[in-house]
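Undergrad: Have a look at this one.
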Amino acid sequence: MNLIVSTTYLPPVSFFVHFCRASQVYIEAHEHFVKQSYRTRASIATAQGKKDLIIPVIRPHGSKSMIKDVLISYDETWQKTHWHAIESAYNTSPFFEFYREYFYEFYTKKYRYVWDWNHDILQVLLQILSIHTEITETDEFIHTYDSQSIDIRYSLSPKVSLDIKHPSYIQVFDDTNGFISGLSILDVLCNLGPETSLYLKELSQQI
């Protein structure tokens, strides 16, 4: 099965659930940038509940900006803010210290383009999860794919539910917030560690 996805920042769990079932993954390289999407947004569980981390961007051509041309804005110290939020959320989780150094460098190094940031952080996540599915950039924009492909470029969205029921696991603040689903894969890694792959395989059986 071919999977067509958009680029994402610290992708949600559902992103990797589909990855587990794909034989080939295509990342959309020829779309216009979509605001309020996982392309620049990641969700984590904090003491106050679900929190979105959003990368500020500069769209050089407004709404017609191609995804690979979108720049990261450093007018505000968002890297420091994001890392502080991640540390506060997961510092007491079972596996944060184990994975910390994999991600810390992304919040000290400056990238020019969102595309490059997302690409590099995805490679780290795939390495951690031991996912070896072949990944290719799309050659052109195709509006509709055939039945042999699963296209989640626009259905994978903070505003859309993919109807995947996430089995609960122990989260840092679940005693006050209850279980929160629909979060970044980072949440699962910090709480389940090496068992994350088994968790994804269990979820993949639902689709």
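The values are calculated or read from the model by the stated rules, or taken from the named source; none is laboratory data. Quick caveat: nothing in here was measured; it's all calculated off a predicted structure. In this analysis, Cβ positions are derived from the backbone assuming ideal geometry, glycine residues included, and neighbour counts consider all displayed protein chains.
Undergrad: Taking interchain pairs and intrachain pairs at least six residues apart, which have beta carbon atoms under 8 angstrom, with the first residue in the range 92-109 and closer than 8 Å to residue 190 by Cα and touching a residue at least 60 places away in the same chain (Cβ under 8 Å) and the second hydroxyl-bearing (Ser, Thr, Tyr) and part of a helix (DSSP H, G or I)?
TA: Short answer, once both residue conditions are applied: 96/90.
Undergrad: Hey, among 23, 6, which residue is in contact with a Lys or Arg (Cβ under 8 Å, 6 or more places away or on another chain), small (Gly, Ala, Ser) and in contact (Cβ under 8 Å) with a residue 24 or more places away in the chain? Quick ask: steps written out before the conclusion?
TA: Numbers: 23 fails: in contact with a Lys or Arg (Cβ under 8 Å, 6 or more places away or on another chain).
Residue meeting the stated conditions: 6.
Undergrad: Give the residue that is farthest from the chain's Cα centre (by Cα), with candidates limited to residues of the range 7-59 that are of a type in the set (Asp, Glu) and over 17 Å from residue 82 (Cβ atoms). If you could, list the steps in order and put the result at the bottom.
TA: Taking the range 7-59 first, the residues of a type in the set (Asp, Glu) are 28, 31, 52.
Then keep just the ones that are over 17 Å from residue 82 (Cβ atoms); that gives 28, 31.
Numbers: 28: 15, 31: 18 Å.
If we take residues in the range 7-59 being of a type in the set (Asp, Glu) and over 17 Å from residue 82 (Cβ atoms), then 31 is farthest from the chain's Cα centre (by Cα).
Undergrad: Do we find that residue 198 is part of a helix (DSSP H, G or I) and touching a residue at least 12 places away in the same chain (Cβ under 8 Å) in this structure?
TA: On the way: part of a helix (DSSP H, G or I): yes; touching a residue at least 12 places away in the same chain (Cβ under 8 Å): no.
No; evaluated as a whole, the condition is false for this residue.
Undergrad: Among 13, 70, which is the only one that is of a type outside the set (Lys, Arg), crowded, with 17+ Cβ neighbours inside 10 Å and within 20 Å of residue 196 (Cα to Cα)?
TA: Values: 70 fails: within 20 Å of residue 196 (Cα to Cα).
That would be 13, the only listed residue that is of a type outside the set (Lys, Arg), crowded, with 17+ Cβ neighbours inside 10 Å and within 20 Å of residue 196 (Cα to Cα).
Undergrad: Please verify whether the range 39-47 includes one or more residues that are at pLDDT 95 or above, surrounded by 21 or more Cβ atoms within 10 Å (Cβ to Cβ) and within 15 Å of residue 125 (Cα to Cα).
TA: Yes.
Undergrad: Give the residues of the range 154-173 that are outside any loop (DSSP other than H, G, I, E, B) and either in contact with a Ser or Thr (Cβ under 8 Å, 6 or more places away or on another chain) or of a type in the set (Ser, Thr, Tyr) (or both), sorted by residue number. Even if it seems obvious, please write down each step before you answer.
TA: Taking the range 154-173 as the starting set, the residues that turn out to be outside any loop (DSSP other than H, G, I, E, B) are 157, 160.
Once the filter is applied, which keeps residues that are outside any loop (DSSP other than H, G, I, E, B) and either in contact with a Ser or Thr (Cβ under 8 Å, 6 or more places away or on another chain) or of a type in the set (Ser, Thr, Tyr) (or both), the range 154-173 yields only 157.
Undergrad: Which ones in the range 86-116 are hydrophobic (A, V, I, L, M, F, W, C), part of a helix (DSSP H, G or I) and closer than 29 Å to residue 169 by Cα?
TA: If we filter the range 86-116 for residues that are hydrophobic (A, V, I, L, M, F, W, C), which is where we start, we get 86, 89, 95-96, 98, 103, 106, 114-115.
Those still in the list that are part of a helix (DSSP H, G or I) too: 86, 89, 96, 98, 103, 106, 114-115.
Scanning the range 86-116 gives 86, 89, 96, 98, 103, 106.
Undergrad: Go through (1) out of contact with any strand residue (DSSP E or B) (no Cβ under 6 Å at 6 or more places or on another chain); (2) exposed (fewer than 13 other Cβ atoms within 10 Å of the Cβ); (3) in contact (Cβ under 8 Å) with a residue 12 or more places away in the chain; (4) not in a helix (DSSP H, G or I) and name the single condition residue 132 misses.
TA: Here residue 132 meets the rest and fails (3).
Undergrad: Kindly indicate whether residue 59 is of a type in the set (Lys, Arg), over 25 Å from residue 5 (Cβ atoms) and surrounded by 12 or more Cβ atoms within 10 Å (Cβ to Cβ). Show your work before the answer.
TA: Working: of a type in the set (Lys, Arg): yes; over 25 Å from residue 5 (Cβ atoms): no; surrounded by 12 or more Cβ atoms within 10 Å (Cβ to Cβ): yes.
Spelling it out, it is not the case that residue 59 is of a type in the set (Lys, Arg), over 25 Å from residue 5 (Cβ atoms) and surrounded by 12 or more Cβ atoms within 10 Å (Cβ to Cβ).
Undergrad: Now, a different point. Go through (1) out of contact with any Cys (no Cβ under 8 Å at 6 or more places or on another chain); (2) at pLDDT 90 or above for residue 166 and report which single condition fails.
TA: Going through the list (1) out of contact with any Cys (no Cβ under 8 Å at 6 or more places or on another chain); (2) at pLDDT 90 or above, residue 166 breaks only (2).
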